[in-house]
Amino acid sequence: MKVSTADNLSAVSAQAWNAIAGIDNLFLQHGFLHALEQHDCLSPWGWQPVYFLVHDSDELVGACACYIKTNSYGEFVFDWAWADAYQRNNISYYPKLVTSIPFTPATGPRLLAKNNEPIIKQLLIEQIITFTREQQLSSAHWLFCENDDIHFLKEASCLTRFDYQYHWQNDEYENFDHFLSALNAKRRKNIKRERRIVAENNIELSTVNGIDLTEQQWKILYDFYKITFLKKSGTATFTLDFFQSVASQLHAVFAQDGSKIVAGAICYKNDTHLYGRHWGCYAHYDNLHFELCYYQGIDYCIENKLQTFEPGAQGEHKIWRGFLPTRTESAHYITHDGFRGAIEQFLEQEHKAMNEYGKQLSESTPYRCK
C-alpha cells in the first residue's frame, strides 16, 4: 500500500471516495466535501485541504480529509487557551492540522478504510503524524471521532478529549403526542405551552426539501443564515452556491406571519439522521426558535422514521425538550514535548470535571422511564 496526498478532491474519483466513505456518512460524501472547495467555503477562512490517500495497487482503500488551519474558527472543539499559551511563550500554535468537517460539529468516521481494516487506519495515522512533523505544524487534531477511530488514535499516543452534545432518539414514536407521553409531566406541559404560544401568534409553519426550494425561498433562507451570524458577530462561511449544490441533502423549515416569511431553519438529512445546523429570523417571536429548530425536527424524524436528530453543538436547555447528553470525542497529537505534557495534565483535570458534569446532565433527564 502506498500513501499520497492531494490538495483538491477533483483529483480523486467520486465513486472510489464514496466507496470507502460509505453512503450513510452524509458529510464525508465526495460531493459535499468537494462543494466546500468549489464554492469558496474553505480558503477564505483559513482551511487548506490536504487529503491523505491510501492505494493498494490502483484501488483507493483508505483516506482522511485533513485541513491545515491558521485559526481555530469553525471547529467546535475549543483550543483557544492552548493557542494563547503558545503565544505567551513565543511559540507558534498556527498553522496546525485538523481532521474535521468544516463548520459542522457532527460525529462520524475520520479514518476511512476499506472494510474498516485496522492496518489502513494505522497507516493513515502514522503518515499524518509524519506530515505534521515534516511540515513543522504544531499539532494534529481529529475532531468528533467515532469510537473505533479513537481506539486507534489512542494506540498512536494521541491525547483524547471529550464533551457533550444533545441528541434526540426516535423510540419508534407514532407521532409527536406519543413522544410527549414518554416525558415527565413538567416537561410535557412546558413543550405543549411553547408550541401553543407559537400557534396563538398565528404563525404558519412549512417544510420544504432543498431540491424543491424556489429561487425566492433560497434568497430568504440564505438571508436568515447570514442574519444570525451578524447578530452574534460571527462569519457566514457557507455560500449560497454551496447550499444549492447540496440541495438534495438539505431540509428547510419556514415560519410565516401573514403573507411574510419571518424565520427559517436549515437542516441536513440522510436515511437515518437529521442534523439541525442554522436558523434565522427577522423579528422576535416567543418560542419560535424552539419550534423551528427542535419540535419541527422531531416531527420530521417521526414522520420519516429517522432514528436520530442532532440539533447542533452545545445548549443544556435541549435536555428539557427531549435531547439527551451524548459524548463527543476528539484526539490530539502535540509535537512540542513541553506543551504535550502541559496539555496532558490539563486534559486529565478536564476529564474529571467533564465526568462529573456528565453525571449531573444524566440526572436531568426529562423522560419518565429513562
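The values are calculated or read from the model by the stated rules, or taken from the named source; none is laboratory data. Since the model is a prediction, treat every value here as computed from it, not as a measurement. Here the Cβ positions follow ideal geometry from the backbone for every residue, glycine too, while neighbour counts run over all protein chains shown.
Results for (1) of a type in the set (Lys, Arg); (2) touching a helix residue (DSSP H, G or I) at 6+ places or on another chain (Cβ under 8 Å); (3) surrounded by fewer than 20 Cβ atoms within 10 Å (Cβ to Cβ), shown as yes or no for each residue.
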residue	(1), (2), (3)
Ala19	no, yes, yes
Gln38	no, yes, yes
Val77	no, no, no
Trp80	no, no, yes
Ser100	no, no, no
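I'd like to verify a number: residues in region 177-217 that are farther than 20 Å from His284 by Cα, among the hydrophobic types (A, V, I, L, M, F, W, C) and surrounded by 17 or more Cβ atoms within 10 Å (Cβ to Cβ), how many?
Counting residues in region 177-217 that are farther than 20 Å from His284 by Cα, among the hydrophobic types (A, V, I, L, M, F, W, C) and surrounded by 17 or more Cβ atoms within 10 Å (Cβ to Cβ) gives 4.
Specify which of the listed residues (Pro109, Pro118) is closer than 16 Å to Ile150 by Cβ, surrounded by fewer than 19 Cβ atoms within 10 Å (Cβ to Cβ) and modelled with pLDDT of 95 or more. It would help to see each step written out before you state the result.
On the way: Pro109 fails: surrounded by fewer than 19 Cβ atoms within 10 Å (Cβ to Cβ).
One residue alone meets the criteria, Pro118.
Got a sec? Which of Ile203, Ile211, Ile191, Ile197 is more than 17 Å from Gln296 (Cβ to Cβ) and β-branched (Val, Ile, Thr)?
Details: Ile203 fails: more than 17 Å from Gln296 (Cβ to Cβ); Ile191 fails: more than 17 Å from Gln296 (Cβ to Cβ); Ile197 fails: more than 17 Å from Gln296 (Cβ to Cβ).
Going through Ile203, Ile211, Ile191, Ile197 in turn, just one is more than 17 Å from Gln296 (Cβ to Cβ) and β-branched (Val, Ile, Thr): Ile211.
Taking the options Ile120, Ile101, Ile128, name whichever one is of a type in the set (Val, Ile, Thr), in a helix (DSSP H, G or I) and within 22 Å of Phe76 (Cα to Cα).
Working: Ile120 fails: within 22 Å of Phe76 (Cα to Cα); Ile101 fails: in a helix (DSSP H, G or I).
Result of the check over Ile120, Ile101, Ile128: Ile128.
In this structure, is Leu183 in contact with a strand residue (DSSP E or B) (Cβ under 9 Å, 6 or more places away or on another chain), under 30 Å from Thr70 (Cβ atoms) and modelled with pLDDT of 95 or more? Walk me through it before giving the result.
Numbers: in contact with a strand residue (DSSP E or B) (Cβ under 9 Å, 6 or more places away or on another chain): yes; under 30 Å from Thr70 (Cβ atoms): no; modelled with pLDDT of 95 or more: yes.
Here the answer is no, as Leu183 does not meet what is asked.
Name every residue in region 133-154 that is surrounded by fewer than 18 Cβ atoms within 10 Å (Cβ to Cβ) and more than 28 Å from Lys359 (Cβ to Cβ), in order of residue number. Break it down stepwise before answering.
Residues of region 133-154 surrounded by fewer than 18 Cβ atoms within 10 Å (Cβ to Cβ): 133-136, 146-148, 151, 154.
If the condition is that a residue be surrounded by fewer than 18 Cβ atoms within 10 Å (Cβ to Cβ) and more than 28 Å from Lys359 (Cβ to Cβ), then Arg133, Glu134, Gln135, Gln136 are the ones that fit.
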